[in-house]
Amino acid sequence: AQKITQTQPGMFVQEKEAVTLDCTYDTSDQSYGLFWYKQPSSGEMIFLIYQGSYDEQNATEGRYSLNFQKARKSANLVISASQLGDSAMYFCAMREHGNQFYFGTGTSLTVIP
Amino acid sequence: DSGVTQTPKHLITATGQRVTLRCSPRSGDLSVYWYQQSLDQGLQFLIQYYNGEERAKGNILERFSAQQFPDLHSELNLSSLELGDSALYFCASSVAGYNSPLHFGNGTRLTVT
């Protein structure tokens, strides 16, 4: 089974609107971390946000928030007030207690002016 | 700036050749990970080192090898290069712990002609 599943290959959002990028994960560990990365067309991988398995509050970092639903094993990224510079590839990742990282296949987000 | 340094940024070489990619992790990070990202593809995990020792192996070809030196910098050696090896190669580093993110270098873009 896939450890990380991102079912949206491509998404479009109007500038200034909010968008949710989906991510589901599979683990039997109790301790794990969930991460989102942004990869703009220039290629670098930028760490955006982290959620720990024991965190009861959803993580937020500026316009990014992580909608963490533990029972459903989902960790969706919400970007509020989208900007043109948000157009990029977004990867969801998980790190288990054994320290291995698992990445999803990514979602390509395009922000429309 | 992630603090992870990768050199060179770009590399163009011919089939059958051998190249070495270099990575200096963030200060204090003992783990180094190598990933391959082919055009419009996700991240393929190649190999992980922790404090000089190989910790995990992914889909790394036998033609590829890596090592981590006592000063914690790492090198990825790619030999008998084929056209299909053209890709963006990332090095990333992290501290131990499921709640610690990967910090990526800017990548080495390898083109095999």
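Values quoted throughout were computed directly from the atomic coordinates according to the rules given, and no laboratory measurement underlies them. All of these numbers come straight from a predicted model, not from anything done at the bench. All Cβ positions, glycine included, derive from the backbone under ideal geometry; neighbour counts span all protein chains shown.
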Determine which single condition residue A:27 fails, assuming it passes every other condition in (1) surrounded by 15 or more Cβ atoms within 10 Å (Cβ to Cβ); (2) within 22 Å of residue B:45 (Cβ to Cβ); (3) without any contact (Cβ under 8 Å) to a residue 24 or more places away in the chain; (4) polar (S, T, N, Q). (3)
Please verify whether residue A:48 is of a type in the set (A, V, I, L, M, F, W, C), without any contact (Cβ under 8 Å) to a residue 60 or more places away in the chain, within 14 Å of chain B (Cβ to nearest Cβ) and in a strand (DSSP E or B), treating the condition exactly as stated. yes
Among (1) more than 14 Å from chain A (Cβ to nearest Cβ); (2) aliphatic (A, V, I, L, M); (3) surrounded by 19 or more Cβ atoms within 10 Å (Cβ to Cβ) - the single one residue B:102 does not satisfy: (1)
Is it fair to say residue A:10 is out of contact with any Asp or Glu (no Cβ under 8 Å at 6 or more places or on another chain), surrounded by fewer than 18 Cβ atoms within 10 Å (Cβ to Cβ), more than 28 Å from residue B:47 (Cβ to Cβ) and among the small types (Gly, Ala, Ser)? yes
Can you say whether residue A:5 is surrounded by 13 or more Cβ atoms within 10 Å (Cβ to Cβ), touching a residue at least 60 places away in the same chain (Cβ under 8 Å) and either within 10 Å of chain B (Cβ to nearest Cβ) or among the polar types (S, T, N, Q) (or both), as far as the supplied structure shows? yes
From the set of residues in segment A:1-19 that are part of a loop (DSSP other than H, G, I, E, B) and more than 18 Å from residue A:66 (Cβ to Cβ), which is nearest to the chain's Cα centre (by Cα)? A:9
In segment B:27-45, residues that are without any contact (Cβ under 8 Å) to a residue 12 or more places away in the chain and within 8 Å of chain A (Cβ to nearest Cβ) total 1
Of the residues in segment A:53-95, those that are part of a loop (DSSP other than H, G, I, E, B) and either without any contact (Cβ under 8 Å) to a residue 12 or more places away in the chain or more than 22 Å from residue A:27 (Cα to Cα) (or both) come to A:56, A:57, A:58, A:59, A:62, A:63, A:71, A:80, A:81, A:82, A:83, A:87
Residues of segment B:15-31 being in contact with a strand residue (DSSP E or B) (Cβ under 7 Å, 6 or more places away or on another chain) and of a type outside the set (Lys, Arg), in sequence order, are B:15, B:19, B:20, B:21, B:23, B:24, B:25, B:29, B:30, B:31
Quick check: anything in segment B:64-85 more than 17 Å from residue A:99 (Cα to Cα), within 14 Å of another protein chain (Cβ to nearest Cβ) and under 13 Å from the mean Cα position of the chain (by Cα)? no
Just for segment A:77-113: of the residues that are over 26 Å from residue B:95 (Cβ atoms), surrounded by fewer than 19 Cβ atoms within 10 Å (Cβ to Cβ) and among the polar types (S, T, N, Q), which one is nearest to the other protein chains (Cβ to nearest Cβ)? A:105
